[in-house]
1. Looking at segment 140-158, which of the residues that are part of a loop (DSSP other than H, G, I, E, B) and touching a strand residue (DSSP E or B) at 6+ places or on another chain (Cβ under 8 Å) is surrounded by the most Cβ atoms within 10 Å (Cβ to Cβ)?
2. For segment 20-29, check the following and say yes or no: at least one residue is closer than 30 Å to residue 140 by Cα, modelled with pLDDT of 70 or more and part of a strand (DSSP E or B).
3. Just one of the numbered conditions (1) surrounded by fewer than 21 Cβ atoms within 10 Å (Cβ to Cβ); (2) modelled with pLDDT under 90; (3) part of a loop (DSSP other than H, G, I, E, B) is not true of residue 126; which one?
4. Only residues in segment 112-128 that are on the phi < 0 side of the Ramachandran plot and touching a residue at least 60 places away in the same chain (Cβ under 8 Å) count as the first member; pair them with residues that are part of a loop (DSSP other than H, G, I, E, B) and buried (at least 19 other Cβ atoms within 10 Å of the Cβ), Cβ under 6 angstrom, at least 6 apart or cross-chain, and list the lot.
5. Scan the strands (runs of 3 or more DSSP E) fully inside segment 42-120 and keep the ones with 2 or more residues being surrounded by fewer than 18 Cβ atoms within 10 Å (Cβ to Cβ), in contact with a helix residue (DSSP H, G or I) (Cβ under 8 Å, 6 or more places away or on another chain) and modelled with pLDDT under 90.
C-alpha cells in the first residue's frame, strides 16, 4: 500500500513598523507537492511570490521568515528550508533593482531569519520577489497532511 504525504502552508504577512514600503503576498495558502512514501528520503520544492512596493526607501529593506513545525497530529517533518530567493526586474518610479547579501540555504524555525534584503541605495520601485522553499520527507515519515505557518515580515534597513 502506498501512503501519501501532503503539505499545506499558511502565510502571514507583517508590515514593517516604520513602513515606507509594503509587501503583498499573492497567495495565503500554498500546497507543496505531496509524495508517495517509498522507503527513500525525498525533497520537494514550492514557491511563494510576493510583490515588494518600495518607492521611497533608499536605505534598503529586508524580509524575514519564520515557520512553525510541519505537523500532522503528533507527527512532525524536518524544518522548511529556503533554497533561494530571487527578484524580477523592478518597475515604477525611481526603479533600482535590489542587491542582496543573503546566501542560501537557510533553515526556518520559530525565530525569524533574514531571507532577502535590498542593500542601501537599492530596491526602489516595484518588484516581484519569489522564494523557493523545500520540504524534506524522511523515508520513515508517517502518512498524513502536514501543516505549518510561515510568517513573512518586512523591515526598513538592509
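The values are calculated or read from the model by the stated rules, or taken from the named source; none is laboratory data. Please read these numbers as outputs of a predicted model, since none were measured by experiment. Quick reminder, even Gly has a Cβ in these numbers, built from the backbone with ideal geometry, and neighbours come from all protein chains shown.
1. That would be 141.
2. The answer is yes, given that some residue of segment 20-29 is closer than 30 Å to residue 140 by Cα, modelled with pLDDT of 70 or more and part of a strand (DSSP E or B).
3. If we test residue 126 against (1) surrounded by fewer than 21 Cβ atoms within 10 Å (Cβ to Cβ); (2) modelled with pLDDT under 90; (3) part of a loop (DSSP other than H, G, I, E, B), just (3) comes out false.
4. 118/60; 118/98; 120/60; 120/158; 122/98; 127/90
5. So the answer is none; nothing clears 2.
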